[in-house]
Amino acid sequence: MESRSRFAQGVRAGHIPYLDGWRALAIGGVMIDHYVASTGINLGRLGVELFFVLSGRLMAQILFIENSDLGMFYYRRFSRVYPTIAIFIVGMLAASWFLHKPLIDAVGIISSLTYTYNYVSISGYRAGVIDHLWSLCIEEHTYLYLGLLAVIARRSPRWLSTLLATTIVANVIDGAVSTFFYHQNYYEVYWRTDVRMASILMGAASFMLKQRGRLRLTGKWPVAIGLFGIVLNLNAIPDPVKYSVGSACLALAVANIDEAGMLVRETLSTAFFVWFGFISFSLYIWQQPFAMMRPHPVILRIFPLAAAFACAIASFYLVERPARRWLNAHPPQWVRARRPP
């Protein structure tokens, strides 16, 4: 009864706790893959895909349903991401000095702060401690595009579905051609925004279709189609199938998770899952350098794992959350001026 009450209170307050539980599943996949192993399926890549389709759902709600002011939207994105990224880069610079080993250089810093690392890395530059930031680059690039779609949709709403569908199809074809005809590998293809943004756009499109009653899945269907999406992420499945049909299934699952059985939603809304989801961004940012250690035997990886959690928890409670609250409470004049009366 107590967990049911917390679940209901969360929904009534406008916060959806089971979406934090979805984040927990996503970061859990990343952590298992990076610190233990995953056989037959790359749980790290699947975890990122779970993040992407959830981001699409959330951005559709903010930009296309709530019609949030774009200035405030991008300012909130800044307050959400930049403080954590900045302290992470400072931490890597400090570690470089302490270890007398350059973990990150000017190229890495600039490409991290300008969200260009995914394309810089494809050109041949790689810095292990920031390798995971490729996914953040794709998210931020896609948010810019979604903002453009929001501007168009507010003037001509009928164009939104066409533009979303056209872009998704173009992204999928781009990835398939790069894979099958140019024989490029996963990193050369699916670290590119012009290919991988399809996953986020699928999340947005699926949620919009569900809101309009066109693809509303109820009962066991959200879980069933989500599980099918996971099956399509098995290593044996070609990447263009993973990130087309597989991603579409995951996007439909998260778009319709509100309609899933109460057991699923309450499980994802438990205190552990919600807390794990809360710290997921800080944990994703900080886990990478510790995951690179990978000592043997596997049991010894508990030490870098514990260090990653310690840094992530400190980052969340001392940097991410307070900085976000302060920045959102003190927006610059150009953002305040755009607020509706």
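Cross-link partners among lysines for Lys210, C-alpha distance below 17 Å, same-chain residues fewer than 8 apart left out?
Hits, sequence-local ones excluded: Lys220.
Peptides 98-104, 251-257, 184-190: what's the order by average Cβ count within 10 Å, highest mean first?
251-257, 184-190, 98-104
Could I have the simple spin-label model distance between Gln333 and Ala86, label points 7 Å from Cα toward Cβ, reported in nm to one decimal?
Calculated label separation equals 2.1 nm.
For the chain, return all DSSP H helices satisfying: extent of Cα atoms along own axis at least 24 Å; mean Kyte-Doolittle hydropathy at least 1.0.
43-60, 70-99, 159-180
By per-residue mean of other Cβ atoms within 10 Å, what is the highest-first order of 200-206, 327-333?
200-206, 327-333
What whole-number distance in Å separates the alpha-carbon centres of segment 16-61 and segment 71-149?
19
What's the FRET efficiency of Val151 with Ile173 using the Cβ-Cβ distance as r and R₀ = 22 Å, to the nearest 0.05?
With a Förster radius of 22 Å, E is 0.30.
Considering the values (i) 20.8; (ii) 20.0; (iii) 18.8, which represents mean projected area of the Cα convex hull in nm² as calculated for the structure under consideration?
Read-out from the structure maps to (iii).
Pull out a ≥ b ≥ c, the square roots of the eigenvalues of the alpha-carbon gyration tensor of segment 201-292, then state rounded if a/c is under 1.5, prolate if not and a/b is larger than b/c, and oblate in the remaining case.
Oblate shape, in that a/c is at least 1.5 and b/c is the bigger or equal ratio.
Would you mind pulling out the separation of the Cα centroids of segment 252-266 and segment 172-187, in Å?
Computed from Cα coordinates, the inter-centre distance equals 33 Å.
What is the distance in Å between the Cα centroid of segment 195-232 and that of segment 282-304?
32
According to a simple spin-label model (label point 7 Å from Cα along Cα-to-Cβ), what is the distance in nm between Glu259 and Ala307?
So the two model labels end up 4.8 nm from each other.
With +1 on the Cβ of every Lys and Arg and -1 on the Cβ of every Asp and Glu, and nothing else charged, how large is the dipole of the chain about its Cα centre, in debye rounded to the nearest 20?
920
Less than 16 Å from a label point 7 Å out along the Cα-to-Cβ axis of Leu318: which backbone N atoms in segment 66-99 qualify, by residue?
83-95
So which trypsin sites (Lys or Arg not before Pro) in segment 94-177 pass both tests, a DSSP loop state and at most 10 other Cβ atoms within 10 Å of the Cβ?
Sites meeting the loop and neighbour criteria: Arg158.
Amide H of Ile41: which non-local residues (sequence gap of 5 or more, or other chain) have their own amide H closer than 5 Å, using H built in the peptide plane?
For Ile41, whose amide H was placed from the backbone, the distant partners under 5 Å are Asn235.
For a protection proxy built on the mean count of beta-carbon atoms within 10 angstrom, sort 260-269, 105-114 highest first, please.
Highest mean packing first, the order is 260-269, 105-114.
Could you work out [θ]222 nm for the chain from helices alone, using -39500 (n - 2.57) per DSSP H run of at least four and dividing by all its residues? Round to the nearest 500 deg cm²/dmol.
Only helices count here, giving -21500 deg cm²/dmol.
Values quoted throughout were computed directly from the atomic coordinates according to the rules given, and no laboratory measurement underlies them. Since the model is a prediction, treat every value here as computed from it, not as a measurement. Every residue, glycine as well, gets a Cβ built from its backbone with ideal geometry; the counts of neighbours run over all protein chains shown.
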